[in-house]
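The values are calculated or read from the model by the stated rules, or taken from the named source; none is laboratory data. The structure displayed is predicted, hence computed values, not measured ones. Positions of Cβ are backbone-derived with ideal geometry, glycine not excepted, and every protein chain shown enters the neighbour counts.
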Amino acid sequence: MVAKRKEGELKPACQQQEYEVGWEDLPLSCPTPAMKVWNAHPRVYIPVHRSGREMCAYCGAVYTLRDPDPEQPMPLFDNAEIENAFRRAQQRVREEQSQSA
């Protein structure tokens, strides 16, 4: 039996074109765990921690990583690269805050 679908009934999981994510969301995948994946592309991991802004090659969704609070404790990561990126981002935010003060 083939399921029939009505025009406009199915909506892609990655409807929003830009997403702001936090460090607690890493490692980041597209579609994210909060999205319905039954009508999405295959899950891919987005290395947004490297540049702060990355695009999904499948759907074109753009993910922007928020700056961490400089006093925020490090979330639990199973990835040394993400941990180091978090530390560098916190240091950069601290330096920016001290320069503006």
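Inside the stretch 26-39, can you point out the residues that are within 17 Å of residue 59 (Cβ to Cβ) and at pLDDT 85 or above? Even if it seems obvious, please write down each step before you answer.
Just the residues of the stretch 26-39 that are within 17 Å of residue 59 (Cβ to Cβ), to begin with: 28-39.
Residues satisfying the conditions are 28, 29, 30, 31.
Please work out if residue 7 is modelled with pLDDT under 95 and not in a helix (DSSP H, G or I).
So residue 7 passes the test.
Looking at the stretch 30-50, is at least one residue among the charged types (D, E, K, R), closer than 30 Å to residue 94 by Cβ, in contact with a Gly (Cβ under 8 Å, 6 or more places away or on another chain) and in contact (Cβ under 8 Å) with a residue 12 or more places away in the chain?
no
Within the stretch 51-66, can one find any residue that is over 20 Å from residue 31 (Cα atoms) and either surrounded by 12 or more Cβ atoms within 10 Å (Cβ to Cβ) or touching a Pro at 6+ places or on another chain (Cβ under 9 Å) (or both)? Before the answer, list the steps.
Going through the stretch 51-66, the residues over 20 Å from residue 31 (Cα atoms) turn out to be none.
No, there is no match, as no residue in the stretch 51-66 is over 20 Å from residue 31 (Cα atoms) and either surrounded by 12 or more Cβ atoms within 10 Å (Cβ to Cβ) or touching a Pro at 6+ places or on another chain (Cβ under 9 Å) (or both).
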